[in-house]
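Visitor: Structure below; questions to follow.
Each reported figure results from applying straightforward, stated rules to the coordinates on display, with no laboratory input. It should be emphasised that the depicted structure is a prediction, and the values quoted were computed from it without experimental measurement. Every residue, glycine among them, receives a Cβ derived from its backbone with ideal geometry; neighbour counts consider all protein chains shown.
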Amino acid sequence: MKNNKCLRQAACLFICAFLIPAFPALFGQEDGSIYIKAKKIYTSDGGRIVTAGGILVEGGKITRVDAKARPPKNVKELDFTKNIIIPGMMDAYSHMGFRDEDYDVRTEPPPPYRAPLTGIYLLFYGQQERQPSSLRVEPRFKASDAVYSRDPRFKDFLLEGITTAAIAIPTTNLSGGVAFIGKLGSGSPEDFVMSDTAGAVFAFAGDRNVMNRYGDLHKMFRDAQDYRKSWEKYKKDLKKYQDQQIDKTSLPEGKNGEKGSETKDIQEPEEPKKDENHEAILQALDIKVPVLIRASRENEVQAALKIQDEFKVRLVLVGGQEAYKVPQDLLSRKVSVIAGPDVILNKKGKRINYIRELLADGIQVAFCSSSSSGAPLLSYRLAYAVQHGLSRIQALDTVTAHAARIFGLSDRIGSIAAGRDADFVVLDGEPFGLSTRVKGIYIGGRQLFPEEGIQE
Amino acid sequence: MRMTNRNRIKAGCFFTGLLLLLGGGICAFGNTVAISGAEIHTMDGRIWETGTILITDGKIVAVGRDVSVPEDAEIIEAGGHILYPGFIASSGLFAPGASENFESFSPDASAADRFDFYGDYIRFVRRGVTSAFVSMPADRIIPGKGVVVRLGSRGNLSSLLKEGAALNINLGREAVLPPMTDIFPAPVSIENPLVPSIKQFPSSSLGGFWLLAELFRPDPFTGELARYYQNAANSLKESLEAGLPLIVRCREAAEIRMAIRLARSVGMPLVLQGAEDVEEWIEILKENDIPVIAETDVTPNGQGHSRDFGEKEDRWSMTENIPVLIRQGIRVAIVPMDEDGLPDLFWITQYFRRYGIDAEELIRTITLNPAKIFGLEGRIGSLSPGKDADILFFKREAGAVLPVLKKVMSQGLIVYEE
Amino acid sequence: MRRRFLYPRLLAFFCSALLFFPLLCQAQAIAVKAKKIYTVSAGIIENGIILIEDGIIQDVSAGPEVPWNVEVIDHGQKIIVPGMVEAHVARGYDVANETNALTPFVTVLDNIDTSHDTFALALKDGVTVLHVMPGNNTILGGKGAVVKTVGLVVEDMLLIPESGMKISVSGTPSQTRMGVSAQLRRYFSETKEYIAEQKQNAREEEKMVSTPGSFRSPERVKYESVADLLKGRYKAYVYCQGPSDVVRAHNLSETFGYRSVYLLGPECYKAADFIAEKKLDVMLDPEFVYFERDPLTEEVNKIDVAAVFHRKGIEFAILSDPDRAHTRSLSYQGMKAMSSGMSLDEALKAVTIIPARMLGADNLIGSLEKGKLACFSVLNGDPFKLSTNVEYVYIEGKLVYERAKDEELQKLLEKKIIE
């Protein structure tokens, strides 16, 4: 009997041990529920700025944003009443996670250190001007396959307030594969990839012969359409053939023992080869993913718009530096722009803030670093844009609301509003101030910075 | 004094001389400019909230709150403006041309020969960069001497501020590649004698270190090597006698150690450039007052698309080191990694505000610090009597993050106005 | 009795024979008459006559005394101009430069190809003297020669066999300007040491040279030509691509004490003030127009280089470049110079006396006056007009070109195919 008692006590303790973690729940405090009070909150939600307000976070999502802070009972409070909060920023086009070795993969021995473009050199070595040989990327390549979710460099980006990024394969090829959206600082690899097909990437920029690229892309799209047609034809023919086979077996025998209908025998159709590249392009043609075309100069932009006209894809220009010259063409086609990494164009001695021009014309503009390590400079560069005529709200929108909208993720990221993921950045000053520092990073309501809890 | 004839003549000369001096003095007041009512950041300690700068013949004569302005002076009203000295770029090439395929070391070559004095440098001048150090390229051990120039624009010629301002020395991988391996070898002739392959070295940093140590010896290259390197050794001796600072481009700790040892052995002032591993040596740098020219790849106007990808494999940025060095009191001159970033020099320095370093200290990295490094603190880099009147007129504007540059004055003349 | 008269008769015979000697030994003397003679030195002479003896002009005037035994060539209504002088020609041979950049010891005399069309074409244009030099792709390119545009072998063409040293201070494709400057300085310094050594060993040198089988030491070959330059035996002809090169070349010239003539690239117009101030001898690039992009506004500006120099009062020599249609010949360049604002007189000077002076040959050529070589061309109109043709060319008093007898020209004009 003593044993029974011990057993019962042990069992009670055992059960209690299980209940203890449940106590908070029993007392109405859910896992990770917090209430944040802040001096100022830039919501990026229709430009709404909340002063001395609060954010309620439950289950990793924002439940509500209060104009005046009213923290509910029994919820952990975070006092940022001396700080400013902005939504987690998004680098709308980057190569983060790719290493330097992934750029310009070389298949021939390195050229002489600084290749002189002299007649002697060409004459005796017969080589061409050094071209960076690029990774041979095909439309079916997925950037998400190549990026390691726990890349240690992501921490540096997080500490600058970058919480999400659209990541593409670095290449100068026409096709840049498929980009994905990654959320930095996520707990698991699954959470890291928010969307593994965020855009089909192509490049018109960086090649002097835009028409070649346009022609190649045009052909690529046409080939994909032909591929689909061939599959549809195959399916039709297969159906006919199968029907024929069925008819053959079910038809009554003819007088002479013949089987078959009046029409001639249909051969079994040959199955066309599966081509993943075409499949990938069809995704873009069916507007399942946006088409991201890197275009900077006016002729590149025009070529991209032509593609849009012919194939009716959802076009997003990456770079779009000279697109400010043709705003109506973009608006009428509902084309958005992911601008960057530069801010000011030098045109005949005039310095033009092309991002401001685009926004002034009503075009959706996001901002990007377009490199593997440029993300930390995003807010610094936007400060430069603010210097040259952009408002802080506009600058913030480019890395929050607009970026989310372009990738169709407005319901999850890009703003501080009910239903969004609780990703936000705590600053000790106005955003885009040169002395402003990041004081805290929260992803899904979980504190990643200062130090505790940051993913290693 | 007895009125002898000789004395009369002496007296006559003295008074004539005095008259001439006075007359000259009066004439000197012919070209006087006064800038009044501005906030003056002299960069040598004082900030005048509302002050006046008096300039005569392109040189600053007086700075302060109560400066008497002569009647015939041209007055520039600068109320609401903030004045800084013209910015100095500590590096950047400014010169077209293929890479140097000259010998491994040519201490007699001068950057003045590769600089286009007739060029129009308006895109730098209008953003505040009024002078620059034109350095030698980075691909030879001792490529030659750099010079400091004042940048000309719009028809004004550039001018040489200091010839032979510093000796450039490069350690590191770039510098040890043997020259002339990618040019078709010229046939052996009386002019092009067959030389031992020893002339082609060094091809490793070890070889590079040895060569430098040899060169800086009091009696370099005795014996076989003397025939081939005598010229270089002679010209190096001249530079050493002139006390030129040695600007050593290096990266790794071993190279930094080599540089410090070298400078100590010849008793020459040392300047480190781009030394990424410099943190370990901070104490020694402080002890020996060794300044650092820090190259950073931070640019506010990001690179264009054609330069997306990591093409700068061999050049590391000192961005992380800069705040550490500044806080430790090392004299730092900040410079972008290439010429395209130079117009944004002001913005580049202000990037480091995020590390808690104040704006004034950062502006010193592009004014007083480079002036001191190149031995020109008596002429440029600060606003005080005796200095050249290279002055930048800034103005605070609503909504702008940093003050906006409105006017640029070079040697007392407005060379750019917004 | 007969014997007594033999000797005197013989004497008389020889004496009278002697009288004829002057006739037999009479020098070749001609007088050339024309409606207008542009002397360049003394203006235009109407209905003038040039008296020539032994190829040298004896007199140029309107009504000179013409001795009875002088052959008179009357060119009627035609016009005579001095033979033109082109001050720098990097053609007339196969290759303009050695692959080595430092070859001061080579000379174009070894390289000139007299059958090269350069000489024939120049002659047809009225150019009587060319200064053939190595090309610009060099540092110390070698020695040039001033030659006439006729001759079967180089020796026949010579006017000044060693005229000057070709130098370039601009970068070559494989050398930057710094490298070039440093090498030049070193070379000149070494040459100075060589000269000093030479003086010391002067007597020993003489012994060496006079001994049969003596050899020329490598140093001698390397430095001798440049030593001649530094000693002032001839000038340096320096190619300057840009304005800073002019300043640098002048500094080198001053530092080492040699005389220079500068071959300018089009961009050198920016250094016009410097050139005017230092009174440098300059030769303009055949391309008179320079396009420049403004670094700020990105506008392209067009600059008439010849006009810039002319307005600043700088005297310059004009050159041509037959490779390009718009710089095809020296007379065409003269026409362009006139459209850039120069008067006919000034343009004529720029292709005659000014280059002659720069070459140090103005005692021989460049104008029509007493004592100079009789090199001139006879035109059927005023010079520097498209309608004017060169009818005759005389070099040293001899007719060397006659348009009417020009077979090649006939082939072109009459479309006759001569098989």
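Visitor: Principal axis lengths of segment A:287-392 from Cα atoms, whole Å, largest first?
Guide: Result, largest extent first: 39, 31, 22 Å.
Visitor: Within 10 Å of each residue's Cβ, count the other Cβ atoms and sort B:C250, C:C15, A:C368 from fewest upward.
Guide: Neighbour counts put them in this order, fewest first: C:C15, B:C250, A:C368.
Visitor: A further question on this structure: If you take the beta carbon distance between C:K312 and A:D411 as r and set R0 to 56 Å, what does 1/(1 + (r/R0)^6) give as a FRET efficiency, to the nearest 0.05?
Guide: After rounding, the FRET efficiency stands at 0.15.
Visitor: Suppose every Lys and Arg Cβ carries +1 and every Asp and Glu Cβ carries -1, with no other charges. What dipole size does chain C come out with about its Cα centre, to the nearest 20 debye?
Guide: The dipole magnitude comes to about 1180 debye.
Visitor: 7 Å from Cα along Cα→Cβ at both A:D329 and A:Q225: what's the point-to-point distance in nm?
Guide: 2.1 nm
Visitor: Using Cα-Cα distances under 8 Å and only pairs 6 or more residues apart, what relative contact order does chain C have, in percent?
Guide: Reported as a whole number, the value is 17 percent.
Visitor: Over segment C:316-379, what is the relative contact order in whole percent, taking alpha-carbon pairs under 8 Å and six or more residues apart?
Guide: Result for segment C:316-379 is 23 percent.
Visitor: Which one of C:L368, C:L284, C:L399 has the biggest mean-square fluctuation once chain C is modelled by GNM with Cα springs under 10 Å?
Guide: Between C:L368, C:L284, C:L399, it is C:L399 that shows the largest mean-square fluctuation.
Visitor: Here's a follow-up. Can you find, among C:N136, C:A122, C:G151, the residue farthest towards the positive end of the dipole of segment C:105-174? Put +1 on the C-beta of Lys and Arg, -1 on that of Asp and Glu.
Guide: Going by the Cα projections, it comes out as C:N136.
Visitor: Another question about this same structure. Within 10 Å of each Cβ in A:371-381, how many Cβ atoms from other chains are there, averaged over the peptide?
Guide: The shielding value for this peptide is 4.
Visitor: Please give me the summed charge of the neighbours of C:L399: other residues whose Cβ is under 13 Å from its Cβ, Lys and Arg +1, Asp and Glu -1.
Guide: -2
Visitor: Related question: Which of the aspartates and glutamates could be linked to B:K372 by a straight reach, that is with a Cα gap under 14 Å, when you skip same-chain ones fewer than 8 residues away?
Guide: B:D44, B:D289
Visitor: Looking only at other chains, what is the average number of their beta-carbon atoms within 10 angstrom of each beta-carbon in A:430-442?
Guide: 2
Visitor: If R₀ is 45 angstrom, what is the calculated FRET efficiency for the pair C:K385 and C:D273, using the beta carbon separation as r and rounding to 0.05?
Guide: Efficiency, rounded to the nearest 0.05: 0.85.
Visitor: Compute the signed sum of charges (Lys and Arg +1, Asp and Glu -1) over the other residues within less than 12 Å, Cβ to Cβ, of B:R396.
Guide: Counting the neighbours of B:R396, the net charge comes to 0.
Visitor: Right, another one. Put a dot 7 Å past each Cα toward the Cβ at B:I284 and C:D94; how far apart are the dots in nm?
Guide: 6.0 nm
Visitor: When Rg is the radius of gyration of the Cα atoms in chain C and Rh is its Kirkwood radius, what does Rg/Rh come to?
Guide: Across chain C, the Cα-based Rg/Rh ratio is 1.07.
Visitor: Which residue, C:G242, C:P355, C:Q183, has the largest displacement toward the positive end of the dipole of segment C:84-364 when charges sit on each Cβ (Lys, Arg +1; Asp, Glu -1)?
Guide: Projecting each Cα onto the dipole axis, the largest value belongs to C:Q183.
Visitor: Ranking A:H402, A:H218, C:H131 by Cβ neighbours within 10 Å, fewest first, what do you get?
Guide: Lowest count first: A:H218, A:H402, C:H131.
Visitor: Take each uninterrupted DSSP H stretch in chain C, measure its Cα extent along the helix axis, and return the ones at 27 Å or beyond whose mean Kyte-Doolittle hydropathy is at least 1.0.
Guide: The qualifying helices are C:3-24.
Visitor: Sort the following peptides by mean Cβ neighbour count (other Cβ atoms within 10 Å, averaged over residues), highest first: B:44-55, C:310-321, C:53-64.
Guide: C:310-321, B:44-55, C:53-64
Visitor: In nm, what is the difference between 0.36 nm times the number of residues separating C:L413 and C:D156 and their Cα-Cα distance?
Guide: 89.4 nm
Visitor: Return the distance in nm (one decimal) between the two label points of a simple spin-label model at A:K239 and A:I393, each offset 7 Å from Cα along Cα→Cβ.
Guide: Here the answer is 5.4 nm between the modelled labels.
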